[in-house]
Amino acid sequence: DGGITQSPKYLFRKEGQNVTLSCEQNLNHDAMYWYRQDPGQGLRLIYYSQIVNDFQKGDIAEGYSVSREKKESFPLTVTSAQKNPTAFYLCASCTGGWGNQPQHFGDGTRLSIL
Amino acid sequence: KQEVTQIPAALSVPEGENLVLNCSFTDSAIYNLQWFRQDPGKGLTSLLLIQSSQREQTSGRLNASLDKSSGRSTLYIAASQPGDSATYLCACSLSGSARQLTFGSGTQLTVLP
């Protein structure tokens, strides 16, 4: 089955540590996205990528970094500069371009501070 | 900047009732509007996508409408069931954007048996 796989499901970060969240898709989608969700709130865009080797900042990119070396993969690094990293992180993908297709989401990674 | 609002934040109804969830947005230059369902601790599942040129979309017991001029969308759920209990989120994609979505904060629906 095609889909988006996020790992790990739960992640704990120590003070001053960088952590990387994995997102892999086998849907052959060009565009990929990272969102952050805080309790009782909607999703906010961190970074997005429309094509391999290219990505753009979203609304809350500070303290995060990404790479897009392969079409299937879009890992997110939460750096020590992100002072409030505790949240639910969701990765999504879609066909991109001018098509009207919905975004597909993974099951998320819950990040907490130790 | 697009802002998306969903009211109410929570709704509790008895099984079998028809219900309407509301979504409003500030910038009418949308490319499409999407409704998602989120179960606790899970990702989002796409329910309906309405293109900017459309007025409504239907899937089973779900019907979503779009009124760009008033900046509103509604999600109608017919004959609600306990399995419909979840958080429902609407999101807009602006014209000319890279299809990134602006989300509302969601309506948490509980359908009581």
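Within the stretch B:21-30, being touching a strand residue (DSSP E or B) at 6+ places or on another chain (Cβ under 7 Å) and either more than 11 Å from residue B:88 (Cβ to Cβ) or not in a strand (DSSP E or B) (or both) holds for B:24, B:25, B:27, B:29, B:30.
Are any of the residues in the stretch A:20-27 closer than 17 Å to residue A:104 by Cα and crowded, with 19+ Cβ neighbours inside 10 Å? Checked the stretch A:20-27: at least one residue is closer than 17 Å to residue A:104 by Cα and crowded, with 19+ Cβ neighbours inside 10 Å. Is it fair to say residue B:33 is within 12 Å of another protein chain (Cβ to nearest Cβ), in a strand (DSSP E or B) and in contact with a Leu (Cβ under 7 Å, 6 or more places away or on another chain)? Criteria met by residue B:33.
Of all residues in the stretch A:76-108, those that are in contact with a Leu (Cβ under 9 Å, 6 or more places away or on another chain), more than 14 Å from chain B (Cβ to nearest Cβ) and buried (at least 17 other Cβ atoms within 10 Å of the Cβ) total 3. Every listed requirement among (1) crowded, with 21+ Cβ neighbours inside 10 Å; (2) under 26 Å from residue B:50 (Cβ atoms) is met by residue A:64 save one, (2).
For (1) within 14 Å of another protein chain (Cβ to nearest Cβ); (2) in contact with a helix residue (DSSP H, G or I) (Cβ under 9 Å, 6 or more places away or on another chain); (3) within 23 Å of residue A:44 (Cα to Cα); (4) not hydrophobic (A, V, I, L, M, F, W, C), each residue gets a yes or a no:
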| position | (1), (2), (3), (4) |
| --- | --- |
| B:10 | yes, no, yes, no |
| B:14 | no, no, no, yes |
| B:46 | yes, no, yes, yes |
| B:51 | yes, no, yes, yes |
| B:66 | yes, no, yes, no |
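For the stretch B:10-20, enumerate the residues that are surrounded by 13 or more Cβ atoms within 10 Å (Cβ to Cβ) and either among the hydroxyl-bearing types (Ser, Thr, Tyr) or assigned to a loop (DSSP other than H, G, I, E, B) (or both). Result: B:15, single match. Hey, any hits in the stretch A:33-56 for a residue that's of a type outside the set (Ser, Thr, Tyr), on the phi < 0 side of the Ramachandran plot and more than 14 Å from chain B (Cβ to nearest Cβ)? Yes, that holds for at least one residue. Do we have any residue at all in the stretch A:48-60 that's of a type in the set (A, V, I, L, M, F, W, C), closer than 14 Å to residue A:20 by Cα and free of Cβ contacts under 8 Å to residues at least 40 places away in the same chain? Looking for residues that are of a type in the set (A, V, I, L, M, F, W, C), closer than 14 Å to residue A:20 by Cα and free of Cβ contacts under 8 Å to residues at least 40 places away in the same chain, one finds none in the stretch A:48-60, hence no.
Only the coordinates and a few stated rules stand behind these numbers; no lab work does. Note that the structure is a prediction, hence the values are computed from the model and not measured. Positions of Cβ are backbone-derived with ideal geometry, glycine not excepted, and every protein chain shown enters the neighbour counts.
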